[in-house]
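Undergrad: Pasting a structure here, questions to come.
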Amino acid sequence: MAAMRQNGNRSDWGKNGSFMAKPDQGWIHSDEKLMSSGVWYSVRYIGCVEVKVSARTLDFDTRTELVRECIHRVCEAAGLKTTAKKRKTGKKIARYLADHPNMVYAGSNVNLNVSTESLQLCLMETSEMLANHHMTGISFASGGDAETMDFVAYVAKDDKNGRACHVLECG
């Protein structure tokens with residue numbers, strides 16, 4: 001337990017920890033809220049990339065690299081970021097991903113609902129549900145790297161997109 005402490009707080013989000021244990025400072029939202037209607041966030045949907053392998057079969061570092069590569073690919077396709085230097089994608093990661101992202105709803109303002117049951121993405125303008133990813137169908141989530149700190153992404157499987165990494169802008 002002492003190894004999981006940093007500055008007096010638990011470091012439950014690290015690769016050696018677990019987010020399943022309640023942090024010392026408590027959760028941001030109440031259990032009751034998450035178990036009932038969930039918590040809503042306004043974010044921007046950037047796009048998704050097909051993932052050809054189950055993220056559950058990959059180690060933590062490879063999952064993180066895969067999701068961050070998805071963030072970069074989707075952001076580049078949306079024209080949201082440019083890098084001064086050309087990034088190299090590892091051959092292993094490249095094999096796991098589709099060649100081109102799905103940009104159908106790129107740039108759409110969406111409401112993200114997070115509950116204990118699912119993550120839901122609904123268009124703000126029309127309330128059309130873009131996705132309802134049940135927690136059991138979500139295999140991994142991660143934030144961006146130093147160049148893409150305002151982005152988060154998660155890998156989920158559904159009937160519409162198959163297994164895909166969905167990228168959201170939160171900043």
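Undergrad: If you take the residues in region 91-137 that are β-branched (Val, Ile, Thr) and touching a strand residue (DSSP E or B) at 6+ places or on another chain (Cβ under 6 Å), which one is nearest to HIS72 (Cα to Cα)? Talk me through it step by step, then tell me what you get.
TA: Initially, region 91-137 is screened for residues β-branched (Val, Ile, Thr), giving 93, 104, 110, 114, 116, 126, 136.
Filter again for touching a strand residue (DSSP E or B) at 6+ places or on another chain (Cβ under 6 Å), leaving 110, 114.
Values: VAL110: 20, VAL114: 24 Å.
Among residues in region 91-137 that are β-branched (Val, Ile, Thr) and touching a strand residue (DSSP E or B) at 6+ places or on another chain (Cβ under 6 Å), the one nearest to HIS72 (Cα to Cα) is VAL110.
Undergrad: I would also like to ask the following. Starting from region 125-151, keep only residues that are free of Cβ contacts under 8 Å to residues at least 12 places away in the same chain, then list their pairs with residues that are open to solvent by 90 Å² or more (accessible area, probe 1.4 Å) and small (Gly, Ala, Ser) whose Cβ atoms are within a distance under 9 Å, requiring at least 6 positions of separation or different chains.
TA: none
Undergrad: Of TYR41, TYR45, which residue is at pLDDT below 90, not small (Gly, Ala, Ser) and not in a loop (DSSP other than H, G, I, E, B)?
TA: TYR41
Undergrad: (1) at negative phi; (2) in a loop (DSSP other than H, G, I, E, B); (3) at pLDDT below 90: which one isn't true of ARG56, the others all being true?
TA: (2)
Undergrad: Pick from THR62, THR116: which is over 13 Å from the mean Cα position of the chain (by Cα) and open to solvent by less than 40 Å² (accessible area, probe 1.4 Å)? Before the answer, list the steps.
TA: On the way: THR116 fails: open to solvent by less than 40 Å² (accessible area, probe 1.4 Å).
Just one listed residue meets the conditions, THR62.
The values are calculated or read from the model by the stated rules, or taken from the named source; none is laboratory data. Every value quoted in this text rests on a predicted model; they were computed, and no experiment measured them. Virtual Cβ from ideal backbone geometry, glycine too; neighbours counted across all protein chains shown. The protein model used for the area step is the full one, side chains on, heavy atoms only, and it has no ligands, DNA or RNA in it. Shrake-Rupley method; radii C 1.70, N 1.55, O 1.52, S 1.80 Å.
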